[in-house]
Amino acid sequence: MRNNSVFRLVVLTGLGLSLAACGSSRLERSASGAGIGAAAGVGVAAIAGGPILAGAAVGAVGGAVIGAVTDECQIDLGPRRPKNC
């Protein structure tokens, strides 16, 4: 059972990292937030000994909501920041 949890953690962490780039549209930020949140939720659930899928679901929902409510001016876009910020 422990080996399966570690495998899930590694897979979902990889998926989360692949989505780690901040998006410029609300949908992109929501999707990347969901991926990062799911990976974080799996990590917390694996460490705490809780249900992995529930951790992934809670993290994904939280990340998607945070990504959806932010706008371009609230994230660090570096030197190519939008002019209206």
request  = State which residue pairs qualify: first residue free of Cβ contacts under 8 Å to residues at least 24 places away in the same chain and among the β-branched types (Val, Ile, Thr) and inside region 31-50, second residue crowded, with 19+ Cβ neighbours inside 10 Å and part of a helix (DSSP H, G or I) in any location, beta carbons under 7 Å apart, and separation of 6 or more residues or different chains.
outcome  = 44/55
ask   = Can you find a residue in region 14-35 that is modelled with pLDDT of 75 or more, in contact with a Leu (Cβ under 6 Å, 6 or more places away or on another chain) and either polar (S, T, N, Q) or loosely packed, with under 12 Cβ neighbours inside 10 Å (or both)?
value = yes
task = Test residue 39 against the stated conditions and say whether it is at pLDDT 90 or above, assigned to a helix (DSSP H, G or I) and of a type outside the set (Ser, Thr, Tyr).
result = no
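The values are calculated or read from the model by the stated rules, or taken from the named source; none is laboratory data. Because the structure is predicted, anything quoted here is derived from the model rather than measured. Reconstructed Cβ throughout: ideal geometry from the backbone, glycine too, with neighbour counts over all protein chains shown.
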